[in-house]
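Written below as structure tokens is the structure these notes are about.
Bear in mind these aren't lab numbers, they're just calculated from the coordinates by the rules spelled out. This structure is a prediction, so every number in the text was calculated from the model and none was measured. Backbone-built Cβ (ideal geometry, glycine too); neighbour counts: all protein chains shown.
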Amino acid sequence: MIGFEFPFIETFISALLAFLLGLLWYHPKTLGTKWLEARGKDEEQMDATTFPFVVTFMLWILAAVFYSFLAGFHGVDNPRDFIALSSLLWVAFSMPPTLMGSFYTGYPFQAVAIDSAYQLAGYYMFAMTHTAALLLN
């Protein structure tokens, strides 16, 4: 129906790696403390439930599915093109709404930069996972 074999394993692994990168990205010893300071919050003010983590993982799965679909549909089959796809998707669909939303909500630029850079890094995790799968096959 879609003209290519959908890479279910690569899709799931890339979503998982992007999610795990977020755990590292927002850890207090990396960018987590700076992110909280930029938002004018401290750790006690953050949601201590698992809900944000579950939703974030599900959203990374959704993003990974669309990434895999677009890569397969357009015949992306080399590392350069995977990186290009990641960059273009971020520039076109991720960074602008994040930045626009900050203008209306007053979300601090430093926090926007940390969030937006994480989104790009997540897309690069997609590219690296698909590239690794190509090299292993």
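Some points to look at:
- For the chain, built as a Gaussian network whose Cα springs stay under 10 Å, the top-fluctuating residue of 50, 11, 30: 50
- Percent breakdown of C-alpha pair distances by 5 Å bin, ordered from the shortest bin, for region 1-59: 4, 16, 18, 21, 16, 9, 6, 5, 4, 3
- Average projection area in nm² (convex hull over Cα atoms of the chain, one quarter of hull surface): 9.3 nm²
- Percent of Cα pairs in region 58-137 per distance bin of 5 Å, from zero to the largest separation: 3, 15, 24, 23, 15, 10, 6, 3, 1, 0.
- Taking the C-alpha atoms only, the angle from helix 79-89 to the longest principal axis of the chain is near 50 degrees.
- Nearest 10 degrees, 0 to 90: helix 8-25 Cα axis against the chain principal axis: 20 degrees
- Peptides 119-125, 38-44, 78-84 ordered by average Cβ neighbours within 10 Å, highest first: 119-125, 78-84, 38-44
- Ranked list, fewest to most other Cβ atoms within 10 Å of each Cβ, for 19, 6, 51: 51, 6, 19
- Taken about its Cα centre, region 8-136 carries a charge dipole of roughly 160 debye when the Cβ of each Lys and Arg holds +1 and the Cβ of each Asp and Glu holds -1.
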